[in-house]
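Shown next, in structure tokens, is the structure this report addresses.
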Amino acid sequence: MPISDVSRDAVDLVVRETIAVVLPSIPPGTIDGSKHLRDLGADSVDRVEIILMLLDRLHIDEPMSSLSQLTSIDALVTFLHERCH
Amino acid sequence: MDAGLQVGIEALNVYCGLAQIPVEAIFAGRGLNEERLANLMMYERSLNLPFEDPVTNAVNAAKPIVDALDPAEKDRIEILITSTESGIDYSKSVASYVHDFLGLNRQCRVIEAKQACYAATGAVQMGAAYVASGISPGAKVLVIATDVSLVDERVDYTEPVMGAGAAAVLVSDRPRILTIDLGAFGTHSFETLDSARPDPTFDIADVDVSLFAYLDCLKHAFLAYRDRVEGTDFASTFDFLVMHTPFAGLVKAGHRKMMREFAGVGVAEIEQDFTRRVLPSLAYGSKVGNLCSGAVYLALASLIDTVQPDTGCRVGLFSYGSGCSSEFFSGVIDQESTAALAGMQIGQHLAGRSALTFDDYKGLLKDNHGCLVPQKDRDVEIGRWSSILDRRTNRRSLLALKAVRNYHRKYEWV
């Protein structure tokens, strides 16, 4: 599937799966999108790892600084989805 | 420039206080989540005592270097630059006091540089360029990165990882510690408010903004280096890597990011590479905390003392300062680096610090937070800390702050 055809739901799924890889104690289905990653218990190194894995999986070339002030997981999904197009 | 001229770091020393507290003790005292200790990779943090300030830290780091020079060599120190984000006056530099207590030549330029944790590298590079220019053959430039910590519980997980102290770097045409690859550098800077010291009593920091800016700068400073140095390969050009160390876990994350992007290898290989090329530089930093612009030079000292190279090894160095500015550069260490650094006994200095309890630490915070506050007159009761001062036998004399009179800081040797 071309990256430009990725739906927002698909990006949301990738985000949840990636969070679960870095924070294995959190089932993807229980993640509340209104929360910030730190609210899930992700420390700063975990957050770096999650962002790097997402940029890699979604083939997005974006400075990390562009993502530093996103206030929630939903905002992260929206940001990444917009960059997929 | 003389084509055969070598320029770099002739001597290097650090001073990281007389006291330390285990990182675990701050976690326990503040009720922080101990599961986060693993990612920090930090074990102790240096603490200053109330008679220590940016001037004493700087002098106590540089004194052994200056004392090892003969009088003629000492007089060739033509520029003294203190790099600090812990200024003690809007006008008067830390360097002006340091110049006096090191007994440097009155024909020496005396200035202070500020760009958070990057400024010392900017000063080292300008010093190297001055030496390499040949306008004053044989000249030396003394750069001292010196800072104090002002953090407390308001900065959460940053509190356990902030260090204090100074790193002194003597740049000359006799590079015994590190021969700088002249012209091999890459820089990357942009404006951001990731961390700052808006007031002489506290720091502010946005952790994500700062870490992400650090990682962006690491990538782009390296790319700028690669543009200048044909054939550079992140995975194979450098025998070792030395990076600014806010905490060791960030250096590990940065190395992992770079290896993914530029080496395309798997997790196991990245871990092996980290252990081989990066971990030796973190031994000291993980026991000191963030030494601000001295951190990358503390890491260089850690690398040399840990690896003790017996042949030439190329080192890639990355310096980052909030705000932000960064640089990736390189140089060569060898068996002479091992010998030249051994005399400073940095490992013994760190091991000899007194371990404080969390209650001791809390008692110190109020005094330490007043360290940079302008006061017309005050006295410092050095004797209160004699048990720590006297703990080490055969301790060398150290400079201590004893008073402030009409805004003029007064020091004595103890």
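Given the structure, is B:ALA167 within 30 Å of B:ILE21 (Cα to Cα), in contact with a strand residue (DSSP E or B) (Cβ under 7 Å, 6 or more places away or on another chain) and in contact (Cβ under 8 Å) with a residue 40 or more places away in the chain? Working first, answer last.
Working: within 30 Å of B:ILE21 (Cα to Cα): yes; in contact with a strand residue (DSSP E or B) (Cβ under 7 Å, 6 or more places away or on another chain): yes; in contact (Cβ under 8 Å) with a residue 40 or more places away in the chain: yes.
Considered against the rule, which asks whether it is within 30 Å of B:ILE21 (Cα to Cα), in contact with a strand residue (DSSP E or B) (Cβ under 7 Å, 6 or more places away or on another chain) and in contact (Cβ under 8 Å) with a residue 40 or more places away in the chain, B:ALA167 comes out as yes.
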Being under 12 Å from B:PHE329 (Cα atoms) and in a loop (DSSP other than H, G, I, E, B): is that true of B:PHE222 here?
no
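Are there any strands (runs of 3 or more DSSP E) wholly within the range B:312-414 with 2 or more residues that are of a type in the set (Val, Ile, Thr), and if so which?
Working: elements: B:313-321, B:325-333, B:377-379, B:399-405, B:408-413.
In the range B:312-414, the matching strands (runs of 3 or more DSSP E) lie at B:325-333.
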If you go through the range B:95-108 one residue at a time, how many are open to solvent by 10 Å² or more (accessible area, probe 1.4 Å) and assigned to a helix (DSSP H, G or I)?
5
Sole residue being charged (D, E, K, R) and free of Cβ contacts under 8 Å to residues at least 40 places away in the same chain, chosen from B:GLU10, B:GLU34, B:GLU44:
B:GLU34
Please count how many residues of the range B:4-29 are modelled with pLDDT of 95 or more, open to solvent by 10 Å² or more (accessible area, probe 1.4 Å) and closer than 30 Å to B:VAL332 by Cβ.
3
Applying the selection to the range B:201-229, what residues are open to solvent by 40 Å² or more (accessible area, probe 1.4 Å), within 14 Å of chain A (Cβ to nearest Cβ) and under 30 Å from B:ASP367 (Cβ atoms)?
B:ALA205, B:ASP206, B:VAL207
Residues of the range A:19-31 satisfying the condition of being of a type in the set (A, V, I, L, M, F, W, C), surrounded by 14 or more Cβ atoms within 10 Å (Cβ to Cβ) and not in a loop (DSSP other than H, G, I, E, B):
A:ILE19, A:ALA20, A:VAL22
Qualifying residue in the range A:37-47 (condition: assigned to a helix (DSSP H, G or I) and of a type in the set (Ser, Thr, Tyr))
yes
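Considering the range A:68-85 alone, what residues qualify as being within 11 Å of the chain's Cα centre (by Cα) and open to solvent by less than 10 Å² (accessible area, probe 1.4 Å)? Write out each step before concluding.
Of all residues in the range A:68-85, those within 11 Å of the chain's Cα centre (by Cα) come to A:70, A:72-81.
Residues satisfying the conditions are A:ILE73, A:LEU76, A:VAL77, A:LEU80.
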Somewhere in the range B:30-52, is a residue crowded, with 22+ Cβ neighbours inside 10 Å and among the small types (Gly, Ala, Ser)?
yes
Do we find that B:VAL278 is within 14 Å of chain A (Cβ to nearest Cβ) and under 23 Å from B:LEU300 (Cα atoms) in this structure?
no
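Does B:ILE111 fit the bill of being assigned to a strand (DSSP E or B), open to solvent by 20 Å² or more (accessible area, probe 1.4 Å) and under 24 Å from B:PRO71 (Cα atoms)? Even if it seems obvious, please write down each step before you answer.
On the way: assigned to a strand (DSSP E or B): yes; open to solvent by 20 Å² or more (accessible area, probe 1.4 Å): yes; under 24 Å from B:PRO71 (Cα atoms): yes.
Yes.
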Conditions: (1) within 13 Å of chain B (Cβ to nearest Cβ); (2) of a type outside the set (A, V, I, L, M, F, W, C); (3) within 12 Å of the chain's Cα centre (by Cα); (4) crowded, with 19+ Cβ neighbours inside 10 Å. A:ARG57 meets all but one. Number of the miss?
(4)
Of the conditions (1) small (Gly, Ala, Ser); (2) open to solvent by less than 30 Å² (accessible area, probe 1.4 Å); (3) more than 13 Å from chain B (Cβ to nearest Cβ); (4) not in a helix (DSSP H, G or I), A:SER34 clears all except one; give me its number.
(2)
Give the number of residues within the range B:274-298 that are more than 19 Å from B:ARG353 (Cβ to Cβ) and open to solvent by 10 Å² or more (accessible area, probe 1.4 Å).
4
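Identify, from the list B:VAL265, B:VAL251, the residue that is within 14 Å of chain A (Cβ to nearest Cβ) and assigned to a loop (DSSP other than H, G, I, E, B). Break it down stepwise before answering.
Working: B:VAL251 fails: assigned to a loop (DSSP other than H, G, I, E, B).
Unique residue meeting the criteria: B:VAL265.
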Restricting attention to the range B:169-200, report how many residues are in a strand (DSSP E or B) and more than 14 Å from chain A (Cβ to nearest Cβ).
18
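Restricting attention to the range A:28-47, does a residue exist that is more than 28 Å from B:LEU32 (Cα to Cα) and free of Cβ contacts under 8 Å to residues at least 40 places away in the same chain?
As a first pass, look at the range A:28-47 and keep what is more than 28 Å from B:LEU32 (Cα to Cα): none.
Among the residues of the range A:28-47, not one is more than 28 Å from B:LEU32 (Cα to Cα) and free of Cβ contacts under 8 Å to residues at least 40 places away in the same chain, which makes the answer no.
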Output yes when any residue across the range B:291-312 is under 24 Å from B:ARG36 (Cα atoms), without any contact (Cβ under 8 Å) to a residue 12 or more places away in the chain and more than 14 Å from every other protein chain (Cβ to nearest Cβ), and no when none is.
no
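The values are calculated or read from the model by the stated rules, or taken from the named source; none is laboratory data. Remember, it's a predicted structure, so these values are computed and weren't measured experimentally. For neighbour counting, all protein chains shown are included, and Cβ atoms are generated from backbone atoms with ideal geometry for every residue, glycine included. Accessible surface areas use protein heavy atoms only, side chains included; no ligands, DNA or RNA. Shrake-Rupley method; radii C 1.70, N 1.55, O 1.52, S 1.80 Å.
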